[in-house]
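Worksheet: one structure, shown below.
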Amino acid sequence: AAADPISVLPGSLGRESWCNGHDKIHGRLDIIEEKVIKTVEHLESEVKSLLNILSETMSNTPISPGTPLVDIFDGKY
């Protein structure tokens, strides 16, 4: 009986399913990467907004001479 050429080639069986699985993983990673980028951009925007609010608040807050400065991080950073 003649041998089936597909079964003779090592690695030929399952290669297509492996490639499909590999492609699916890359597709998922692309989606995750896009979500991470959008999240980072959103967080950057939020931080800039908060810093602007703090800057405006600090510039509008009168400081009396002799008032001690407060370390908002309590010296921890």
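Results, tabulated for the structure shown:
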| item | result |
| --- | --- |
| Meets criteria (modelled with pLDDT of 95 or more, among the aliphatic types (A, V, I, L, M) and out of contact with any Asp or Glu (no Cβ under 8 Å at 6 or more places or on another chain)) for ILE63 | no |
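Results for (1) open to solvent by 90 Å² or more (accessible area, probe 1.4 Å); (2) over 20 Å from the mean Cα position of the chain (by Cα), shown as yes or no for each residue.
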| residue | (1), (2) |
| --- | --- |
| ARG28 | yes, no |
| GLU33 | yes, no |
| LYS38 | yes, no |
| GLU44 | yes, no |
| LEU50 | yes, yes |
| LEU54 | yes, yes |
| THR61 | no, yes |
| PRO65 | yes, yes |
| VAL70 | yes, yes |
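The values are calculated or read from the model by the stated rules, or taken from the named source; none is laboratory data. All figures in this text were calculated on a predicted structure; none of them were measured in a lab. Neighbour counts are summed over all protein chains in view; Cβ atoms, including those assigned to glycine, are modelled from backbone coordinates with ideal geometry. When the accessible area is computed, the model is the full protein with side chains, heavy atoms only, and any ligands, DNA or RNA have been set aside. Shrake-Rupley method; radii C 1.70, N 1.55, O 1.52, S 1.80 Å.
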